[in-house]
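The values are calculated or read from the model by the stated rules, or taken from the named source; none is laboratory data. Note that this is a predicted model, so its numbers are computed, not measured. Methodologically, a virtual Cβ is constructed for each residue, glycine included, from the backbone with ideal geometry; neighbour enumeration extends over all protein chains shown. These area figures cover heavy atoms from the full protein model, side chains too; ligands, DNA and RNA do not enter into them. Shrake-Rupley method; radii C 1.70, N 1.55, O 1.52, S 1.80 Å.
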Amino acid sequence: MKNKKLILLLTIFISFGLVLAACGGSGDKKESNGGDNEGKSGETGTSEDYSAAMVTDEGGVDDKSFNQSSWEGLQAWGEEHGLSKGKGFDYAQSNDESDYLPNLTRLARDDYDLIFAVGYLLQDAVTKVAEQNSDTNFAIVDTVVEAPNVASITFAEHEGSFLAGVAAAEQTKTDKLGFVGGMDSDLINKFEVGFVAGAKSVNPDIQVDIQYVGDFSSADDAKLIATRMYNDGVDIIYHAAGAAGNGVFNQAKDMKKKDPKKEIWVIGVDRDQHEEGKIGNKNVTFTSMVKRVDLSVHEVSNLGMNGEFPGGEILEFSLKDDGVYLADTNEEAFTEEIKSAVDEWKEKITSGDVDVPQTRKELKKFEESL
């Protein structure tokens, strides 16, 4: 694979209610499969004959996290081109790891031109299916697969998580924060490390309790972890646990019901999870570290349709181009003062003054420099 990154510049035009994405990078645009990116009908892909589908990970399409965001992006693309579910775009639900390979294989046999695999857990399955179906384009979210007919969609999660840590450090009353991850992996470690680095950049003495569920679907286990953290004095928990993260929200809302004056918060992930935090006229969602997975799916689908599928490329969505950002939906909690502090650190990161760590080893060095 060419060792280069394609930066997708994302500009949100609020006045028009549209999200436009432009794709830029060095070199010529690569055509899919090292060839002509023609549809299986023998004609260049158009809205009439181009089709796309996606395979979820175990969290499912309604996980209120990155599977759901991916599906929303695919739906938006389909609607843009007059397509409908089952007629131009669709998804296959995975209940566990054993479903990944069969789901990908089935969609390839169903002649979808482009198939998205949502999550790094599908890496091995995509590698195998892409090799067996060289005339089909694939895209995988959150990891890299080295194949000429696979586009790898990645995000600077550590940068967005750093800002989440800054915001949490500005908001906490106990100086005790929590992080609940799904699976202890290189990807989720980026969320963890960035969050800790951001919090300690504001206050080196802040404590961060770190726990992993072990998967991305066990909401009950995440709820138990959150219960212990809140009882131990943690007042803000950042989760990067997919559907399991719903357990963190459930516990925060349960505690808020019992004691409306208790100040406890959740930081959502992947999409703006403001709705998940609603409890009466209150809301326990402080902010969310949003990854524009929806926009990436939408954009890559259009690239494929236009004969510009970035096969073999790494697409990176970063803080600099708003590929990741913090939601400010909860204006009561996410105050102007906090927003100002976040913006200051964002400028330091995008200007290169702060190099956000991505691994625990890098975090150790970062903390020593504070």
Exercise for the section: Scan Asp221, Asp215 and give me the residue that is charged (D, E, K, R) and open to solvent by 40 Å² or more (accessible area, probe 1.4 Å). Expected result: Asp221
Fill in the blank from the handout: Tyr120 passes all but one of the listed conditions (1) more than 30 Å from Gly194 (Cα to Cα); (2) open to solvent by 20 Å² or more (accessible area, probe 1.4 Å); (3) touching a Ser or Thr at 6+ places or on another chain (Cβ under 6 Å); the exception is number (1)
Completion exercise
Checked against (1) at pLDDT below 95; (2) in contact with a Pro (Cβ under 8 Å, 6 or more places away or on another chain); (3) open to solvent by less than 20 Å² (accessible area, probe 1.4 Å), Ala197 satisfies every condition except (1)
Problem - Residue check for Lys261: open to solvent by 40 Å² or more (accessible area, probe 1.4 Å), in contact with a strand residue (DSSP E or B) (Cβ under 8 Å, 6 or more places away or on another chain), of a type in the set (D, E, K, R) and outside any strand (DSSP E or B) - result: no
Completion exercise
How many residues of the range 299-348 are touching a helix residue (DSSP H, G or I) at 6+ places or on another chain (Cβ under 8 Å) and charged (D, E, K, R)? The answer is 4
Practice task
Quickly run through the range 349-358 and pick out the residues that are part of a loop (DSSP other than H, G, I, E, B) and touching a helix residue (DSSP H, G or I) at 6+ places or on another chain (Cβ under 6 Å).
Solution key: Val354, Val356, Pro357, Gln358
Exercise for the section: Please state which one of Gly312, Gly242, Gly268 is of a type outside the set (A, V, I, L, M) and surrounded by fewer than 24 Cβ atoms within 10 Å (Cβ to Cβ). Expected result: Gly312
Fill in the blank from the handout: Subset of the range 148-161, residues farther than 20 Å from Thr359 by Cα and open to solvent by less than 20 Å² (accessible area, probe 1.4 Å), comes to Asn149, Val150, Ala151, Ser152
